[in-house]
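Just so it is clear, none of the values below were taken in a lab; they were calculated from the coordinates. Just so we're clear, the structure is a prediction, and the values are computed from it rather than from any experiment. Here Cβ is always computed from backbone atoms with ideal geometry, including for glycine, and neighbour counts include all displayed protein chains.
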Amino acid sequence: MNGIVKHPLAMDGKDPSLLRGDPITQERYYCRDFMQREWDHLWTKIWHIAGRENQLEQPGDTIVHDFMRESVIVVKQADGSLKGFYNVCGHRAQRLVWDHGPRDCFHCPYHGWRWGKDGVLQDCPDRDDFPQGDPVGKLKLKEVRVATWAGLVWYTMDEQAPPLMDYLAPLPEIYRNFQFEKTVRARWMRVALDCNWKFWSDNFNESYHTRTAHPQVPPVIDQDHFTSRYEMFPMGHARIIQMGRPSLRDRVADGEPHPWDVELKRWGLDPDGYPDYETKVMQGWRDLKAAKRKLWKKMGYLHYEHLTDEELTESPFQTVFPNIAFGASADNFGLFRWEPHATDPEKCYFDLWSMVYPVEGQNEIINRTARNPLKFEEAEFDFRDYDNGQGVLDLSDQVVFQDWQLNAGQYTGWRSRGYQEPYLAAQETRVRRFHETLHDYLADHPPGR
């Protein structure tokens, strides 16, 4: 359980000399032509997340993923494998499925054509009335490629896309000690927002904004750029690893309870046993690692079994190009996905999947940067309209709520004649790297091909 996870493919995410210096032009955030180029050259080429593997436990279990104007279904086969199809009847293009759930077949509501789970046409009315021959057993639904990683079901519309493990590389190797597939999705939410989807790619590729936008975080997770590690990877993915201890630059006001004390006590450490605040932070951080190594099994944290010292306490935040991010802490697998609106480049959808590891003897958990608990039980899907914050007030304790509040100001700023080329700090290098990878896709030169 020792060691620092640092992959040889990792490039310095604070070194702008590794970049070309491509400009980040403003029209990308509102232009319909740019949006169409993204559909043609980006969204049809990448791997998408359809859902979770535990949604496909029995043959016939089906996931539906609607993306812009496209829809894909993934269904479990009798042999346990997964197949994916475009959600459209091979007769005259009627949509087949609207919701997740178990099915024996896919029945077209228009002309009654029935397709098997394997995509082969099983039956249709008037089979003898086709001059070109009986279509049953001959016609098949058009497939998409499907693969799995991290307990997630992925698909791509591109027959030439790299295999999923190559597309994600080196993330499967970096996170090999985590048991993501054992998590419970305690929150499953989609929020409709008025902003371009790239707000989130920009936002999640830097933590420079955290002290201003998320003041509750530094007393729990060290936001100092000089103590954090920044990494970029060849396929366009990137991450930051921040220390799972308070920043020494940020102090909770005298007399207020400190969240660090709560964490130390939870693992049998006395926060009053340290001579000063600096020692409590730095030595307490080391003591916390030792306590977790010693007590994980006794306290029911069985998912700690293979974690390293770094993984036991630190806070890595990973972006997966172009529209996925996740936090892989010892106790949570918080996944975010943001997808463009079908027709309006200034709207998007934000998915919040709060996935947690069940702990023996506990029935809920409170994230270290939140206030409200999550129960260890699978959530139902919950769609919200942001509505200037009114539609998500129950999430006001979440860090992402504070990010949502920034959308309106960014929306107007992108349209302004006062827009300037971003003047980026070194810790924002990953922002420009995202846009350069986007440019590579738009030029039909994506990484890995």
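Straight-distance candidates among the lysines for linking to Lys265, with alpha-carbon spacing under 25 Å and chain neighbours fewer than 8 residues away dropped: Lys280, Lys289, Lys292, Lys294, Lys297, Lys298, Lys375. Legend: calculated FRET efficiency, Ala213 to Tyr30, from the Cβ-Cβ distance at R0 = 22 Å, rounded to 0.05, equals 0.45.
When a/c reaches 1.5 or more, the comparison of a/b and b/c decides; with that in mind, is region 397-436 rounded, prolate or oblate per its Cα gyration tensor? Cα axes put region 397-436 in the oblate bin.
Peptides 413-419, 134-140, 243-249, 213-219 ranked from most to least packed give 243-249, 213-219, 134-140, 413-419, packing being the mean of other C-beta atoms within 10 angstrom over each peptide's residues. Ranked for footprinting exposure by Cβ neighbours inside 10 Å, fewest first, Arg176, Arg229, Arg52, Arg433 give Arg176, Arg229, Arg52, Arg433.
Extending 7 Å from the Cα toward the beta-carbon at both Tyr110 and Lys297 defines two label points whose distance is 6.0 nm. Counting charges near Gln390 (Lys, Arg +1; Asp, Glu -1) among other residues having Cβ under 14 Å from its Cβ returns a value of -3. With R₀ fixed at 35 Å, the C-beta to C-beta distance from Gln132 to Asp66 puts the FRET efficiency at about 0.65. Where the centroid of each part is defined by its Cα atoms, how far is region 248-263 from region 298-342 in Å? Taking the Cα centre of each part, region 248-263 and region 298-342 sit 24 Å apart. Between the beta carbons of Ser416 and Glu57, assuming R0 = 60 Å, the FRET efficiency works out to 0.75 to the nearest 0.05. By the 4.7 Å beta carbon criterion, which cysteine residues of the chain come out unpaired? Cysteines lacking a close Cβ partner in the chain: Cys31, Cys105, Cys124, Cys195, Cys348. Classified by the C-alpha gyration tensor, region 47-151 has a prolate form. Its axis ratio a/c, with a ≥ b ≥ c, is 1.5 or above, and a/b is larger than b/c. In a simple Cβ point-charge model (Lys, Arg +1; Asp, Glu -1; nothing else charged), region 47-151 has a dipole of about 280 debye relative to its Cα centre.
Placing a label point 7 Å from the Cα of Arg176 along the Cα-to-Cβ direction, the residues of region 303-343 whose backbone N falls under 17 Å from that point are 305-311. Semi-axes of the equivalent ellipsoid for the chain, computed as √(5λ) from the eigenvalues of its C-alpha gyration tensor and ordered from largest down, come to 41, 27, 20 Å.
Using a 7 Å offset from Cα along Cα-Cβ at Asp397, what residues in region 250-269 end up with backbone N under 19 Å from the label point? Only 256-266 pass the distance filter.
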